[in-house]
Amino acid sequence: MAVDIEGSTARTNPARAQLRSVLSELLDEAFLAGGITKKYRDGFVDRGDGVLCLVRPVDQAPKPVLLATVVPALAELLEKHARNRPDLAFRLRVAVHAGEVHYDSRGPYGEDIDIACRFVDAPELKRRLRISAGPLALVVSPEMHRSVVRHGYPGIDQDAFAPVVHVRVGTQRLRGWLHAPEGVEPEEDMTA
């Protein structure tokens, strides 16, 4: 899972430091709400104004929990934080993907990390968050849609996802599925 703070570049460096701290706390709480303790995930990987959250493929942390529990908990926590600290309120773009992660002495790497990062930075996801009143905008990769969303697991409304986010990773063109419980307007350009 990759998350990125909306509009963080408009904030001062001291404000960014506070946001990074709050983001880490909220993510910890959201993962705990899904039963995903530090035992089942790596430490958060810093991305400046965002974080890469790597969950290990174990039975105690099934992929549906990310969409049915962790992301909704994160949305609630963001709303609560905004009410309690309006001066430090922020919103997030969230991308969820599943795949292979490789490690070397500098940390995690690999094509699947690139995919998650491309989706969280996708212009369409940024646009959707900008026009939304919600605390976050979520996109899932084709892999997550195929293996989780389309099966309609409890807590996941497969009709609330639409394939409207496009990214390029190397020579691949991938279509992500935007979560939009209020509905998604039809696509204008399928080749973007």
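The values are calculated or read from the model by the stated rules, or taken from the named source; none is laboratory data. Every value quoted in this text rests on a predicted model; they were computed, and no experiment measured them. Cβ placement follows ideal geometry from the backbone for every residue including glycine, while neighbour counts extend to all protein chains displayed.
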Report whether or not SER8 is modelled with pLDDT of 95 or more and among the hydroxyl-bearing types (Ser, Thr, Tyr). no
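Can you tell me which residue within segment 144-155, out of those that are in a helix (DSSP H, G or I) and over 14 Å from the mean Cα position of the chain (by Cα), is surrounded by the most Cβ atoms within 10 Å (Cβ to Cβ)?
Our first condition is that a residue be in a helix (DSSP H, G or I); within segment 144-155, this holds for 144-147, 149-151.
From what's left, over 14 Å from the mean Cα position of the chain (by Cα): 146-147, 149-151.
Details: ARG146: 13, SER147: 14, VAL149: 23, ARG150: 13, HIS151: 11.
The residue in question is VAL149.
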Taking segment 86-102 and keeping residues surrounded by fewer than 22 Cβ atoms within 10 Å (Cβ to Cβ) and within 21 Å of the chain's Cα centre (by Cα) leaves LEU88, ALA89, ARG91, ALA98, GLY99, GLU100, VAL101, HIS102
Expected output for segment 108-132 (first residue in a helix (DSSP H, G or I), partner surrounded by 14 or more Cβ atoms within 10 Å (Cβ to Cβ) and acidic (Asp, Glu), Cβ below 8 Å, 6+ apart or cross-chain) is VAL120/ASP4; LYS126/GLU6; LEU129/GLU6; ARG130/GLU6
The residue that is farthest from GLY35 (Cα to Cα), considering only those in segment 52-105 that are assigned to a helix (DSSP H, G or I) and of a type in the set (Gly, Ala, Ser), is ALA82
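Residues are listed down the side, and each one gets a yes or a no for (1) in contact with a Cys (Cβ under 6 Å, 6 or more places away or on another chain); (2) among the hydrophobic types (A, V, I, L, M, F, W, C); (3) surrounded by fewer than 19 Cβ atoms within 10 Å (Cβ to Cβ); (4) at pLDDT 95 or above:
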{"position": "THR12", "(1), (2), (3), (4)": "no, no, yes, no"}
{"position": "GLU29", "(1), (2), (3), (4)": "no, no, yes, yes"}
{"position": "GLY43", "(1), (2), (3), (4)": "no, no, yes, no"}
{"position": "GLY48", "(1), (2), (3), (4)": "no, no, yes, no"}
{"position": "LEU52", "(1), (2), (3), (4)": "no, yes, no, yes"}
{"position": "GLN60", "(1), (2), (3), (4)": "no, no, yes, no"}
